[in-house]
Each structure stands twice: as structure tokens, then as C-alpha cells.
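The values are calculated or read from the model by the stated rules, or taken from the named source; none is laboratory data. Fair warning: this is a prediction, and the values are worked out from it, not measured in the lab. No Cβ is skipped: glycine too gets one built from the backbone with ideal geometry, and neighbour counts run over all protein chains shown. Surface accessibility is based on the protein's heavy atoms, side chains included, excluding ligands, DNA and RNA. Shrake-Rupley method; radii C 1.70, N 1.55, O 1.52, S 1.80 Å.
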Amino acid sequence: MTTSTPVPPTDGAVPPPVAPTGPTGPTGAPVSGARVALAIVALALGSFAIGTTEFVTMGLLPDIAEGIDESIPTTGHIITAYAVGVVVGAPLIVSLGARLPRRELAVGLMLAVALGSAATALASGYLPVMLARLVAGLPHGAYFGVASLIAASLVRPEAQGRAISGVMVGLSVGTVAGVPASTWLGQEVGWRSAYWMVVGVGVVAAVLVLLAVPHTPGDRTATVRRELTALRRPPVLFAFGTGMIGFGGIFAMYSYVAPLLTDETGLAESAVPAFLFVFGVGSVIGSWLAGMLADWNIGRTVVGGFVVSIVALALVVPLAGIPVAVGAIVFTVGMLGSVLAIALQVRLMRAAGDAQMLGAALNHSALNIANGLGAFLGAIVIDAGYGYRAPSVVGAGLAAAGLLVFLVSLAVQRRTASAASVPA
């Protein structure tokens, strides 16, 4: 694989991947448009399974807490455990698996997702459930890393943002369909049934990926050391830090959305799936917009997304008692969450150079650090007696901090570009 060091553009984007890709696919064999679309749909179904197993925990948090005989804030730590699994698993699995055929790696990771959900459904007690969520999180980021790389390799460079968003839309559909459906199932049949549903979806997704995705050999030149050198690149570190801090704002609110709706908005528990559906609709629309926005201008997309997120999260405090207003806020946060996640994923892949799969996986490590950070800080303010509106205030602060990190990264990038343009 050839490498180069192009001067970063000043519009906030980073250079596109230097490895040539296109509609002929990564192996050079012709790939029809229909085959590309089918492959992306199969990969997106895997994303759907991951989105469901990750986010259904938030919707069923009161039920799980009752089932394991713990308080809601303490049970919220199982969300943190899942996030830790993603953070640890993403760089480790991707670095060790870079030489493996990409399709087969994706299939193995999806089966691991199903296994982790089965372990959650079978676990009893606080510590076993927490350990099961840790295991379930391990393949999360690595799957998105390899799936994003497969999708990007099947299209032309100028369409890679849309291809990646096609895979990621499965995550959003998981929030709009999988999470409300599994939340309802968990409330009616028992919270464990929600995770058994994920097991079934994960197995089906693994089979479809095996049948629909073209075989792609692994990178025989890859080494763990080469993959991890991407962690020393400033654009990678800045993008990672932006997601790690800024995305915590969304999770600070969303982790406690169920008690927010019941205790602050005054709604019945049966209304929670409807609001999760609204969040999911926003997420799906955001995924659809994100591909086009990322292919247009990543920098402006990220800045705009954070600014609107800060406003939306801050409005939870005065408007939490109004169901329609809360619905609008939940929709907006869901939409911008997808836009930010996909834009940062494309940026990380482009900044990572030869280690594009690691770059994509690192985005999910960052987002799940944010997941754990938001849930953890939210639990602190709830335990301190500030109520279920307080996590959204924490969220607005985290989003503002993430925006600051990103603005600094743009300033450093422009300064680097200016220095590179000055004749020696």
C-alpha cells in the first residue's frame, strides 16, 4: 500500500484515503451496483444488532435494576461496563485481526456480538450481568471498523462518506425499531428476552454478511506496531478526543431517558418506547444526512452538530415538564448524534492513513468512552440529589468541551497547512 503526506485542506476535512478504491472492489474484480448495495445492507443488519444490544439497556434500566435488586444509578454502571469492552476490544481486535480476510473477520465479530448478548440474558446478579456486558462490548468497535472499511473499499473515494453512513444507518434503525421493540418485549416478557432477540438478529446478520459481502483478503503487510502508530498522529488524537468528550453529552441525557420521562415529564413507563422511537427516527434521518454532509465538509458538519446539541441539551432543564418539547429535544439529539458519529468516523479513517480500519474502530472506542463518561457523570449528579434533569446540564457541558477540542484541532490543522505551503 502506498503512502503519502498531502497537505491537509483548510476547510476542516482531512485528506481522503490514499489507497485506491472504486466500484471494482478492493481485489480489482468487478462488483455490480446491486452487489454493493446488498453487501452494505448485510453489514447494516449487523450494525442494527449492535445498536439494539447497546441501547436497549438504557430503555430497560429500571427493569434490569429491579431484576438484579440494585438502584438505577448503580445499575447504570453496566452501561459503563459495555463501554469499557468497546474501548478495550476495538484497537486490540483490529490490530490483531488486520491480516485476516475482512468478510470472515466481520462474520466472526458478529457471532461474538450474539454470544455476548446470550451471556447477558443468562447472567444473574449485578456482577455477572456487568461482566456479560463487558464481553458483549468487545467486538463492537472492531465490527464497525471492518464493516466501514469494506463499504468504503467498494465505492469511489467521493462516495465513501455515503457508503459508511449506509453501514451506520443500521445502528440508527436499531434505535428506531430494535430498541423500542426490544424494550417493549423486555417490559412485557422480562428484560432478558430483549437480549435473546439480539442473539437471533446477530446470527442472521452473520449469515447474510457471509453470503452477500465479496471476499476480501486481509492486509498481509499489516503489523500490530504499524496499526498502532496511527495513535501518534495529531489529527487522529484530536478526532478521538472530540468524540470521547463531546459525545458524552448525548449519553449523559440518553442513559437516563427512562427515569427522566417518568419522574420529570410525568409520563407512564409505557410511554418510554414511544420516545425511544422518536430518538431512533432522528438517528435514522441523521445517518441519511451524515453521509452527504461528510462528503461535503466534515469540519463544518461537526461544528454545527455540536452547537445545536449544546442548545438542545440545555433546554431539557426548563422544558422537561412538557412532553411535546421533550419529544422534540429527544429527536434533535438523536439526529445530531448520528451526524456527529459518522462525520467523526470518516475523519478518523482518513486521518489514520494505512490504518483505516483502526481509525474507524477508534471512533467507536471514543464514542463508548463518551457513553461510559456520560452515564457515570449522570449517576453522580443524580446521586447528589439534583434530579433527572441534571444529566442534561452535564451533557451540554461535555458537548461544549468536545466542540472546543475540535476547534483547536482545526486551528492546528490550518497552522500546519500554512507552514507546509511556505517555501523552504
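Could you work out the pair-distance distribution P(r) of segment 30-158 from its alpha-carbon pairs, with 5 angstrom bin width and percents rounded to whole numbers?
Each 5 Å bin holds this share of Cα pairs: 2, 11, 19, 20, 16, 12, 9, 6, 3, 2, 0, 0.
Label segment 104-193 by shape, choosing from rounded, prolate and oblate, from the square roots a ≥ b ≥ c of the eigenvalues of the Cα gyration tensor; if a/c is under 1.5 it is rounded, and otherwise prolate applies when a/b is larger than b/c, oblate when it is not. List each step's numbers first, then the result.
On the way: a/c = 3.53, a/b = 1.79, b/c = 1.97.
It is oblate, given that a/c is not under 1.5 and a/b is not larger than b/c.
Quantify, in whole percent, the carbon and sulfur part of the accessible surface of the chain (1.4 Å probe; protein heavy atoms only).
Result for the chain: 71 percent of the exposed heavy-atom area is carbon or sulfur.
Return one number: the angle in degrees, 0 to 90 and rounded to the nearest 10, between the long axis of the Cα atoms of helix 102-122 and the longest principal axis of the Cα atoms of the chain.
Compared with the principal axis, the helix lies near 10 degrees.
Quick check for you: with a 1.4 Å probe and neighbouring chains kept, what is the accessible area per residue of segment 356-413, in Å²?
Per residue, segment 356-413 has 31 Å² of solvent-accessible surface.
To the nearest 10 Å², what's Leu208's accessible area with a 1.4 Å probe?
Surface open to solvent at Leu208 totals about 70 Å².
Would you mind getting the accessible area per residue of segment 36-139, heavy atoms of the protein chains only, 1.4 Å probe, in Å²?
32 Å²
Taking the solvent-accessible surface of protein heavy atoms with a 1.4 Å probe, what is the per residue accessible area of segment 232-295 in Å²?
Values: 2190 Å² over 64 residues.
Averaged over the residues of segment 232-295, the accessible area is 34 Å².
Using a basic spin-label model with each label point 7 Å from the Cα along Cα→Cβ, how many nm lie between Arg220 and Val41?
3.5 nm
If you count only protein heavy atoms and use a 1.4 Å probe, how large is the accessible surface of Ile93, to the nearest 10 Å²?
50 Å²
State, to one decimal in nm, how far the label point of Arg99 lies from the label point of Val207, with both points 7 Å from Cα in the Cβ direction.
Inter-label distance under the simple model: 3.3 nm.
Send over the semi-axes of segment 302-424's equivalent ellipsoid, whole angstrom and largest first, taken as the square roots of 5 times the C-alpha gyration tensor eigenvalues.
33, 16, 14
First check a/c for segment 316-382, with a ≥ b ≥ c the square roots of the eigenvalues of its C-alpha gyration tensor; if it is under 1.5, answer rounded, and if not, answer prolate when a/b is larger than b/c or oblate otherwise.
oblate
Calculate the FRET efficiency for Leu127 and Leu407 from the Cβ-Cβ distance with a Förster distance of 41 Å, rounded to the nearest 0.05.
Between Leu127 and Leu407 the formula returns 0.50.
Multiply the residue gap between Glu158 and Asn297 by 0.36 nm, knock off their C-alpha separation, and tell me the result in nm, one decimal place.
Stretched out fully, the Glu158 to Asn297 stretch lengthens by 48.9 nm.
Test of understanding: what is the full-extension gain from Glu269 to Leu237, defined as 0.36 nm times their sequence separation minus their Cα-Cα distance?
Result for the pair: 7.4 nm of gain on full extension.
What do you get for Rg/Rh of segment 245-370 when both radii come from the Cα atoms and Rh is the Kirkwood radius?
Radius of gyration relative to Kirkwood radius: 1.02.
Using the Cα centre of the chain as origin and beta-carbon charges of +1 (Lys, Arg) and -1 (Asp, Glu), tell me which of Trp296, Ser365, Ile380 is placed farthest towards the positive end of the dipole.
Going by the Cα projections, it comes out as Trp296.
With the cut-off at 1.5 for a/c, could you classify segment 237-295 from its C-alpha gyration tensor as rounded, prolate or oblate? Each step should come with its number before you reach the end.
Values: a/c = 4.89, a/b = 1.63, b/c = 3.00.
Note, shape of segment 237-295 comes out oblate.
As I understand it, the value is the acute angle between the Cα axis of helix 160-173 and the longest principal axis of the Cα atoms of the chain; what does it come to in degrees, rounded to 10?
The answer is roughly 20 degrees.
Ratio of the chain's C-alpha Rg to 2.2 N^0.38 Å, to two decimals?
Values: Rg = 20.3 Å, N = 424, 2.2 N^0.38 = 21.9 Å.
That works out to 0.93 for the chain.
Would you calculate the separation in nanometres between label points at Thr229 and Val317, each defined as 7 Å from the Cα along the Cα-to-beta-carbon direction?
Distance between label points: 4.8 nm.
On a C-alpha basis, how far is the centre of segment 135-188 from the centre of segment 355-385 in Å? Whole number, if you could?
The two parts, judged by their Cα centres, are 17 Å apart.
Against the longest alpha carbon principal axis of the chain, how many degrees, from 0 to 90 and to the nearest 10, is the axis of helix 140-153 turned?
Once rounded, one gets 40 degrees.
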